[in-house]
C-alpha cells in the first residue's frame with residue numbers, strides 16, 4: 001500500500017496538467033473576498049527536488065515542466081502556473097517542483113484554509129517538515145498571521161474517509177482535490193464513492209479529480225462513472241503526449257475531471273491545451289480532449305486540436 005512515492009514522477013506531463021488546472025480553479029475562487037477551504041485528500045510530500053533523490057531515477061520532469069521551463073511564448077494562463085514554479089526556483093535553475101499543497105499555499109489568501117491529508121508514513125513526515133520550514137521562513141520575513149485559527153492543518157488520516165467531516169465548510173466555499181496514487185484497484189471505487197458522499201453534503205463545492213489513463217479497465221471506466229455523480233455540471237480534460245507503449249506500460253495520458261467547474265475554464269483550456277500538445281507531444285498520437293456535460297443531459301461535443309489523432 002505504501003510503495004508509491006510521487007517523487008519519482010514529480011513535474012511530469014501529468015503534474016503539468018493537474019497543477020495548471022488547479023491554479024486556474026484557485027484563481028477563480030480568489031475573485032470573491034469570502035474565504036474558502038482547500039482540501040487535498042492525498043497531499044504527498046508537498047515539495048520535490050528534481051536534481052536529487054527519486055526524481056533523478058527516470059527524470060520524468062523532462063516530459064513536463066522541463067520543456068516548458070525556458071519558453072517565452074507561453075499562453076497567459078499557462079504562464080501563471082510556470083511563474084509559480086519559477087518563484088520557488090529563484091536562482092533561475094529548475095531544481096524544485098511544488099506538489100499540489102505548495103501550489104495551493106502559494107496562491108491561497110491569508111483568510112483561506114488548507115486541510116491536507118497523507119497516509120504514507122514517510123511522505124507525511126516530509127510534508128510536515130516542508131511546511132514547518134515554509135512557516136519559519138515566512139516568520140523570518142516578518143509575515144505574521146492576522147486571522148484567527150490555524151491556516152494549515154496536516155493529518156495522517158485517510159483522505160477519503162476524512163473528507164466528509166469537513167463538508168460543508170464554515171464559509172460554504174471549498175475546493176477539493178482528489179489525487180490518489182491508484183496503486184490499488186480500490187482507489188478507483190473510492191474516488192467515486194467519496195464524491196457521491198461529498199456532493200450530498202456540499203453540492204456547491206468544486207471537486208477536482210486527477211486520474212491516469214491506463215490500459216486497465218478501472219482506469220478507462222472511471223470518467224464515465226464520474227459523469228453520473230450528481231452535480232450542476234462536469235468538465236473532463238485529458239492530455240496524451242504519445243500513443244501507448246508496445247508493452248502497455250508507462251503513463252502517457254492523464255486527465256482532470258472537475259465537478260462544478262468555473263464557467264471560464266473551457267475557454268482557458270481551449271487556448272492552453274493545443275500549446276501543451278505542441279510542446280510536450282512525442283508522436284502523432286499526442287492529443288487533448290475536452291468534454292463538458294451534466295449527469296442528466298450527457299456531454300457536449302468534444303474539442304480537439306486540429307490535426308490530432310481521433
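No lab work stands behind these numbers, since they all come straight from the coordinates. Here the structure is a predicted model, which is why all the values come from computation and not from measurement. When we count neighbours, we look across all protein chains shown, and the Cβ atoms used for this are built from the backbone with ideal geometry, even at glycine.
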Note: residue 8 to residue 133 extended length (0.36 nm per residue) minus current alpha-carbon separation gives 42.7 nm
The percentage of Cα-Cα pairs in segment 4-47 separated by more than 15 Å is 55 percent
Most exposed first, judged by fewest Cβ atoms within 10 angstrom, 231, 103 run 231, 103
Between residue 33 and residue 125, Cβ-based FRET efficiency (R0 45 Å, step 0.05) works out to 0.80
How big is the equivalent ellipsoid of segment 194-257 along its three axes, where each semi-axis is √(5λ) from the Cα gyration tensor, reported in whole Å from largest to smallest? 27, 11, 8
Length released on extending from residue 201 to residue 109, taking residue separation times 0.36 nm less the Cα-Cα span: 30.6 nm
Over segment 6-299, one equal point on each Cα, no solvent: what is log10 I(q)/I(0) by the Debye formula at q = 0.07, 0.08, 0.11 Å⁻¹? -0.24, -0.32, -0.62
Set the Förster radius R0 to 30 Å, insert the Cβ-Cβ distance between residue 95 and residue 251 as r into 1/(1 + (r/R0)^6), and round the FRET efficiency to 0.05. 0.80
Quick one: grab the alpha carbon gyration tensor of segment 67-119, order the square roots of its eigenvalues as a ≥ b ≥ c, and give me rounded if a/c is under 1.5, else prolate or oblate depending on whether a/b is larger than b/c. prolate
